[in-house]
Amino acid sequence: MGKFKNQMVVVLIFLVAVTWVYQEAGRPKEVVEGWISYITSKDYGIGHLISSVWEGEPSSMTVSTFPLQLPCNYTEVVRHFGWYYNQQSGEQAFNPGVVLRIDEDTQVYPVLRGEVSSLSHQENGYQVILEHGDSMVSIIRGLQKVEVSLGEAVEETTLLGLGSELLYIEIRDKDGPINPEGLLNINKST
């Protein structure tokens, strides 16, 4: 199947999906425009995937087998991973992580063993970046106190620090952000 045919199939599937979402959810025009802008700005290799399915080639898609742990207990999910409407800017915005509401002084641990590659103070508390190997990185932000040092090797049982009211968790690999909610078994209903 040619490249043009692949692109046409993807466009048709996308248009049907957008039309359905627009009608069912009553989404405003800005939501649909944000989705279109985001999806068309990056090559996701969908053409290759459709081509391999169409031509009966085996799929090369993989699923993470990393056993990740939730870094702490939380009371609610404040912001989920993905697109949302930012009321302050009036535009669509993408959240590459998840924001959890936690009790103050909650002990926060790594999602996976690794090495502390960055420590910094941000607007909403300290940020710890951990490298886990295989191009996987986790970002934990919103700590009021840090208990690790730069370059330190950490295990899942190593205390990173104490959280304040909100904790941001982001997981990335070589291709960009990964939705942490499924990997960390975060409840989608909150």
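FYI, it's all coordinate maths here, none of it is from the lab. Note that the coordinates shown come from a computational prediction; the quantities given were computed from them, not determined experimentally. All Cβ positions, even for glycine, are placed from backbone atoms using ideal geometry, and neighbour counts span all protein chains on display.
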If each K or R counts +1 and each D or E counts -1, the residues other than THR75 whose Cβ falls under 12 Å of its Cβ total -3
If I stretch the segment between LEU159 and ARG79 completely, what's the gain in nm (0.36 nm per residue apart, minus their alpha carbon distance), one decimal? 26.4 nm
